1. Could you pull out every one of the lysines with an alpha carbon less than 24 Å from that of Lys301, ignoring same-chain neighbours closer than 8 positions?
2. Within the accessible area of segment 471-534, what % is carbon and sulfur when the probe is 1.4 Å and the other protein chains stay in place?
3. Just to verify a number: FRET efficiency for Gln434 and Ala30, C-beta to C-beta distance, R0 = 41 Å, to 0.05?
4. Suppose we look only past 33 Å in the calculated P(r) of segment 285-517. What percent of the Cα-Cα pairs does that tail hold?
5. For the ranges 306-319, 392-405, what's the packing order if you count other beta-carbon atoms within 10 Å of each residue, average per peptide, and put the highest first?
6. For segment 111-193, just the Cα atoms, rotate onto the principal axes and tell me the three extents in Å, largest first.
7. Sorting check: for 262-274, 466-478, which peptide has the highest mean count of neighbouring beta carbons within 10 Å, and how do the rest follow?
8. Compare the peptides 111-120, 515-524, 184-193 by average per-residue count of other Cβ atoms within 10 angstrom and give them in order, highest first.
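The values are calculated or read from the model by the stated rules, or taken from the named source; none is laboratory data. These numbers were taken from a predicted model, which means no experiment stands behind them. Don't worry about glycine lacking a Cβ; one is built from the backbone with ideal geometry, like all the others, and counts go over all protein chains shown. Note: accessible area is taken over every heavy atom of the protein model, side chains too, but ligands, DNA and RNA are not part of it. Shrake-Rupley method; radii C 1.70, N 1.55, O 1.52, S 1.80 Å.
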Amino acid sequence: MRKWTGIGLVTAVVVLGLGLAACGQSKTTAKPKQDLNLPATAALDTIDLAKATGYGQTGNVFESFYRLGKDGKVAPGLADSAKVSADQKTWTFHIRDNAKWSNGDPITAQDFVYSWRRTLTPATKSTYTYLFSGIKGADKIIAGKADPDTIGIHAKNRRTVVIQLDKPMAYFKILMAYPLFAPQNQKVVDKYGKKYATKSQYMVYSGPFKIQGWKGTGNTWSFVKNNQYWDHKVVKLQKINYQVVANPQTGLGLYQNKKLDFAQLSNEQVKNYKNNAAFKEYPYSIMIHLKYNFKDTDATKRKQLSNQNLRQAIALSLNRAELTKKVLGDGSVTPTGFVTSGLAKNPKTGQDFATEQAVKNTTTYNPQLAKQKWAAAQKQLGTKTVTLSILAGNDDPMASTVTQYLKGQLEKTLPGFKLNIQNVPAQVAQQRSQNGDFDIYLSHWGADFNDPISFMQIPVSSNSLNYGKWSNKTYDNLIQRAQNQDAANPERRWEDMVQAAKLINKTQSFTPLYQADYAYLQRTNVKGIIHNTAGTQWSYKYAYIK
């Protein structure tokens, strides 16, 4: 799912295109034109699936063995059958005979093999290589100790792909619905060379739509129906026009002028439109949280951020109920820990992971205890004052609201604590966070699939997305155990992850703020959109205008 960069979220939102009555038939009702105009909060950063930072939109143009269907369930994709061995370590997929690229080339088993090897090649600089962990040979490749060609995938014949795993993976089937694992066409990559994926015409597509008019930069592009797609007969939309909409007020204006069928609302707008018939809320498995820089280049700040009492004081100073209900007011949810609610349930009891990860006095508002922790931190640090900066990407309208709230709460509750705000363009924030150029980072993470490990992998010491470089051997061992020796035992694996999540809560190595829920106005004649809380959030395969 998009790899969520900073707090901004590339949200695909939908325009009404009305068909005109045919000449001489003015009294008959014309069928509406099957075009949508979709605003996005930020431009596409890349259309190279090996380099993408998320697939919130592009899951509509790239497809893997499966695709994500309704309610987060696996739906048919490029494979028409799959078999798994008795030990759950060998999967065999058969590619549909009518699976074709948008240029008419057949999609073959070798296209999957090539794709995985290309993504894992260091020169590609993929940010998602860690998701291959568990597939045979992947960990050594990711660590730079093996060649990408050794990854456990091979083409048995033109239409058959065989994948070998190091151990059973409870979430492997749903993982294979993620566009990261989709095929890539080597012939096209070689043909365009350095031009590949720099413009929409230098790319081929395997999904229900193909991209037009994307030039590598710019605020407009389109998805058009891919008539070579294996299931193209069910695709009703002919075109989706995207444009970057800078702020909710602009989006609302376009909606009111009937140029949008779907507009994301700010917290202020939610208050005005909550009772509107067109009002809708879409939940996300996205946790907005604070990342602390444990390798801050400033030695004083590094010492301060590494102080557990200070981090706990920050966490306890925040009234998350007030933040979600009064400040945001958009349906966002107060968290119990780093993993979102509604993502996964205990395989034995059915209890939500979010309930089991809770630890007393970690994500609750307790200003009295916060002051005690602050006093302890001041004593340990040998100072009465601490000044830190918070970095945030300003592509999300909530970023400024949230950072101002944090500043107010922390400076009021913790005398001597000062928080400076650095709201910068999203791409700048992302680059700075990757480079470790921050004290505290207002970040977020969205699950790629419905399993706690999608969150729990991020804080592992070796994960490149662990921008703050937090490192804890106990935590690493718990996740390693969940992914290896306990991988085939659902109950033990679950307990490993619960203990790891509790450790994050206790140490506040990451401080969760709220679980995102986004509010919209959506016209009632836009039908068939599939929205999921994790993975490819928006699917337009079955969407249409009534």
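1. Qualifying lysines at Cα under 24 Å: Lys291, Lys371, Lys373, Lys379, Lys384, Lys407, Lys412, Lys418, Lys469, Lys473, Lys506.
2. Numbers: 990 of 2330 Å².
Solvent-exposed carbon and sulfur of segment 471-534 make up 43 percent of the total.
3. Values: r = 50 Å, r/R0 = 1.23.
That gives a FRET efficiency of 0.20.
4. On the way: 3542 of 27028 pairs.
That fraction is 13 percent.
5. Per-residue mean Cβ counts within 10 Å order the peptides as 306-319, 392-405.
6. 38, 30, 21
7. Numbers: 262-274: 19.4, 466-478: 17.0.
Ranking, from highest mean packing down: 262-274, 466-478.
8. Numbers: 111-120: 22.5, 515-524: 20.8, 184-193: 15.9.
Ranking, from highest mean packing down: 111-120, 515-524, 184-193.
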